[in-house]
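The values are calculated or read from the model by the stated rules, or taken from the named source; none is laboratory data. A quick note: this is a predicted structure, and the numbers were derived from the prediction, not measured. All Cβ positions, even for glycine, are placed from backbone atoms using ideal geometry, and neighbour counts span all protein chains on display. All accessible areas refer to the heavy atoms of the entire protein, side chains included, with ligands and DNA or RNA removed. Shrake-Rupley method; radii C 1.70, N 1.55, O 1.52, S 1.80 Å.
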There are 2 protein chains.
Amino acid sequence: MLYEPVQYVLSGGGKRIRPLLVILSCEAVGGDVTHAMHAAVAIEILHNFTLVHDDIMDNASSRRGRATVHKKWDNNIAILVGDELVALAYRELLKTQSPFIPRVADIFTEGVVEVCEGQTFDKEFESRKDVSLDEYLLMIGKKTGKMVSVASEIGAVIGGGSEKEIRALTSYGTNIGRAFQIQDDLLDIIADEKEFGKTIGGDIVEGKKTYLLIQAYARARGADKKMIRSIITHGGTSRRNISAVRDIYKRWGVIDMAKKAVAQNIQRASLQLAYLKRSGAREMLAWFSEMLLNRNF
Amino acid sequence: MLYEPVQYVLSGGGKRIRPLLVILSCEAVGGDVTHAMHAAVAIEILHNFTLVHDDIMDNASSRRGRATVHKKWDNNIAILVGDELVALAYRELLKTQSPFIPRVADIFTEGVVEVCEGQTFDKEFESRKDVSLDEYLLMIGKKTGKMVSVASEIGAVIGGGSEKEIRALTSYGTNIGRAFQIQDDLLDIIADEKEFGKTIGGDIVEGKKTYLLIQAYARARGADKKMIRSIITHGGTSRRNISAVRDIYKRWGVIDMAKKAVAQNIQRASLQLAYLKRSGAREMLAWFSEMLLNRNF
């Protein structure tokens, strides 16, 4: 009853961004990537733990095109599967053969703490009407960004990077993580539905306090402001209002702001790569951030 | 929304058996107890994580005389609080200053894995009618026993014990854990209600597959067997049947068997202490197991 859903979750796919960052960061500081494999797997397992528990809390019925664990089994199994995934993540992490394993475990654990804090903020924001942009950025920094920077930081530490290199790659991860989340908010409104794999405008319908909604609320005036306020007050809106909201976003420059924020964060990430020696892995990291900028999925 | 319930849980009291075992085991191998403090706290925090998540799954409304987290707050908060407690437990554990920290983290992590497995068995057994005594012992070994033996094992490792001493203290913990759980099952039916702090016969009313119920089902015949089978089939029985069930337990020698099993496990635990040098801590461990044998709370 435990390992079948565990296997189900771990075989569900996903972009595998975090393990990729662990491996590339290790290689970019001249480390042996085979030493980073356990940590790479650990971070992906931990990411899956957050998805399983978040899906319970969000009452989400599908994930990656399949039923969520709590729908396919039940809430109790989903709680247990998440807990087990945390344990399995640590088990995998601790297989790492490295003199830096205590430091790696510390970094990883601070990541787990912040993920819990971030998810708490996210749930808290659902019932609040006055979430500021700073609060939003704090929340996504903890909920999403932290484990991305943990991935690049751990890779750099295992690879035996200098403190300067570790700092650069950590900051690379922080900026990539932030860009990634704002891009996600943006894609909800501008993506090609087929490629994105989700229904466009879902965040608007659910009244999710995204980068766009928060910025629109701060900037819009008159009837547009009223519309955004109503979405916040009612915790969502009807499907047929999606294009009206998209127009409001366009009218008040919110889509451009979001695009700019993504580009800025990607640029900040790329600048950090200058602290690393030239290498194939560094090229890959540069490519990776450019790819994020242009992603449509 | 996160740290208030975390504080609530950790200030709720409890017997603090696990941290005591960490500290005494460290001292019993000649270690410096100050080095074991973080690990002692970590194991108690982890124990509280299991209680918070188990209470959701069992839909329990009170714990240690107070409302459970999911009742006082809600299920989402309780899931998050449990997750956060796991992270805080690792954070605390990793503060340990010891050359053995990678080994300590491994032992701890295997404990977390088994706790999840044990709780899965426990939930699975609720809907099964044919749980054997061996399965029951496997379940409590994982759900309760493992973290007790992890406590004594980690204490011994941090204290710099020899492999022989570590083995002895691990086995001491395993036997103590098993004795403790069977005693718990026994106290449900023979304890003094005021001292025990729980209502007598609660396990019978809920149809919990305890050591006593499983043994009674295996041994009783005729109308007694029918009564026990009916409790299993219906997943419980009325309050007014408690004394009838107690009589069945007495008639088929089940209470004596449970007492004997407790005494045997305590004795096995005590025998392990012979592998340790004489010390105040060893005396305390001997006293501790005797105390368990006579506990009424």
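What nm distances, shortest first, do you get from the label point of A:K15 to those in the other copies when the point sits 7 angstrom along Cα to Cβ?
Inter-copy label distances (nm, one decimal, shortest first): 5.0.
Could you tell me the extents of the protein assembly as shown's C-alpha atoms along the three principal axes, largest first, rounded to whole Å?
Result for the protein assembly as shown: principal-axis Cα extents of 82, 53, 36 Å.
Which distances, in nm and shortest first, link the B:R240 label point to the same label point in every other copy, taking 7 Å along Cα→Cβ?
In ascending order, 6.1 nm.
Classify region B:1-159 as rounded, prolate or oblate, taking a ≥ b ≥ c as the square roots of the eigenvalues of its Cα gyration tensor: rounded when a/c is under 1.5, otherwise prolate if a/b is larger than b/c and oblate if not.
oblate
Roughly how crowded by other chains is peptide A:274-284, in terms of the mean Cβ count from those chains within 10 Å of each of its Cβ atoms?
Counting Cβ atoms of other protein chains within 10 Å of each residue's Cβ and averaging gives 0.
Take every Cα pair under 8 Å in chain B that's 6+ residues apart, average their separations, divide by the length, and report that relative contact order as a whole percent.
Contact order relative to length: 21 percent.
Let me check against my output: what whole-number percent is the relative contact order of region B:1-99, with C-alpha pairs under 8 Å and at least 6 apart?
Relative contact order, region B:1-99: 36 percent.
With the label 7 angstrom out along Cα to Cβ, how close does B:E290 come to the same site in each of the other copies, in nm, nearest first?
7.7
Report the extension gain between B:D247 and B:E135 in nm, rounded to one decimal, defined as 0.36 nm multiplied by the number of residues separating them, less their alpha carbon distance.
Using 0.36 nm per residue and subtracting the Cα-Cα distance, I get 37.8 nm.
For chain A, evaluate the Debye formula with one uniform point scatterer on each Cα (no solvent term) and list log10 I(q)/I(0) at q = 0.09, 0.14, 0.15, 0.17 Å⁻¹, rounded to two decimals.
For chain A, the Cα-only Debye profile gives -0.46, -1.07, -1.20, -1.42.
Tell me, what is the 1.4 Å probe accessible area of A:S238, in Å² to the nearest 10?
Its heavy atoms expose roughly 40 Å² to the probe.
Name the trypsin sites (Lys or Arg not before Pro) in region B:223-291 that are in a loop by DSSP and that have at most 15 other C-beta atoms within 10 Å, would you?
Here the trypsin sites (Lys or Arg not before Pro) that fit, given the DSSP loop and packing criteria, are B:K277, B:R278.
Once you've got the GNM for chain A with C-alpha springs shorter than 10 Å, pick whichever of A:L133, A:L24, A:L93 has the biggest mean-square fluctuation.
A:L133
Using only atoms on other chains, find how many Cβ atoms lie within 10 Å of each Cβ of peptide B:244-257 and report the average.
0
Could you tell me how far the Cα centroid of region B:6-65 sits from the Cα centroid of region B:244-297, in Å?
21
Name the residue, out of A:T68, A:T174, A:T144, whose mean-square fluctuation peaks in a Gaussian network model built on chain A with Cα pairs under 10 Å.
For chain A, modelled as a Gaussian network with Cα springs under 10 Å, the answer is A:T68.
When you look at the Cβ of every residue in B:114-123, what mean number of other chain Cβ atoms sits within 10 Å?
5
When chain A is treated as a GNM, springs tying every alpha-carbon pair under 10 Å, which of A:Y275, A:Y217, A:Y90 comes out with the largest mean-square fluctuation?
Maximum fluctuation in the GNM of chain A, among the listed residues, is at A:Y275.
Between their Cα atoms, which of A:K208/A:K260; A:K123/B:K15; A:K123/B:K208 are more than 27 Å away from each other?
Beyond 27 Å between Cα atoms: A:K123/B:K15; A:K123/B:K208.
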